[in-house]
Amino acid sequence: MARSTILVIDDEPNILTTVRRSLELEGYAVEVAGGGAAGLAKLVEHDIDLVLLDVMMPEVDGFTVCRKIKEDARLKDLPVIFLTAKGGGEALAEGFESGAVMYINKPFTSNKLLTIVNTMLESGSNLS
């Protein structure tokens, strides 16, 4: 069985590198994008099973990217998990309202990330 493909969208290169390495060591195929527009383009080019998405990015923020994913009939069931330093009740509410299934605050451990990703993909559940 082929492992799932995960798209990581973040404007911080060190986050992209760290998350990609952790996921690849776990056996996942990983695509990365350095911003929202590039991430949306990757969704057209690749068959993606899960999106890990930063909120605060220049040009197109994560909330907008998530809304665009959920508005696309082909992508609407794609699970989106926010990885972000933007905390607080309003940001959390906006994240879920935009269609995210989970919200992980930065900084996070690889173990926490992998536990959530593995659970989400192995259960095949979309919690939204």
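The values are calculated or read from the model by the stated rules, or taken from the named source; none is laboratory data. Note that the structure is predicted; figures quoted are calculated from it, not measured. Reconstructed Cβ throughout: ideal geometry from the backbone, glycine too, with neighbour counts over all protein chains shown. For the accessible areas, the whole protein counts, side chains as well, though only heavy atoms, and no ligand, DNA or RNA atoms are used. Shrake-Rupley method; radii C 1.70, N 1.55, O 1.52, S 1.80 Å.
Restricting to segment 52-66, what's the tally of residues that are under 19 Å from LEU121 (Cβ atoms) and touching a helix residue (DSSP H, G or I) at 6+ places or on another chain (Cβ under 7 Å)?
To start, the set of residues in segment 52-66 that are under 19 Å from LEU121 (Cβ atoms) comprises 52-53, 66.
The next check asks that each one be touching a helix residue (DSSP H, G or I) at 6+ places or on another chain (Cβ under 7 Å); those that pass are 52-53.
Of the residues in that region, 2 qualify.
Restricting to segment 15-27, what's the tally of residues that are aliphatic (A, V, I, L, M), in contact (Cβ under 8 Å) with a residue 24 or more places away in the chain and open to solvent by 70 Å² or more (accessible area, probe 1.4 Å)?
From segment 15-27, those aliphatic (A, V, I, L, M) are 15-16, 19, 23, 25; that's our starting set.
Adding the requirement that they be in contact (Cβ under 8 Å) with a residue 24 or more places away in the chain leaves 15, 19, 23.
This time we only want the ones that are open to solvent by 70 Å² or more (accessible area, probe 1.4 Å), so: none.
Selection size over segment 15-27: 0.
Within the set of pairs 6+ apart or on separate chains, which have a first residue in segment 97-123 that is within 17 Å of THR17 (Cα to Cα), a second that is open to solvent by 40 Å² or more (accessible area, probe 1.4 Å), and C-beta atoms under 7 Å apart?
Taking only residues 6 or more apart or on different chains, the pairs are LYS106/ALA85; LEU114/GLU26.
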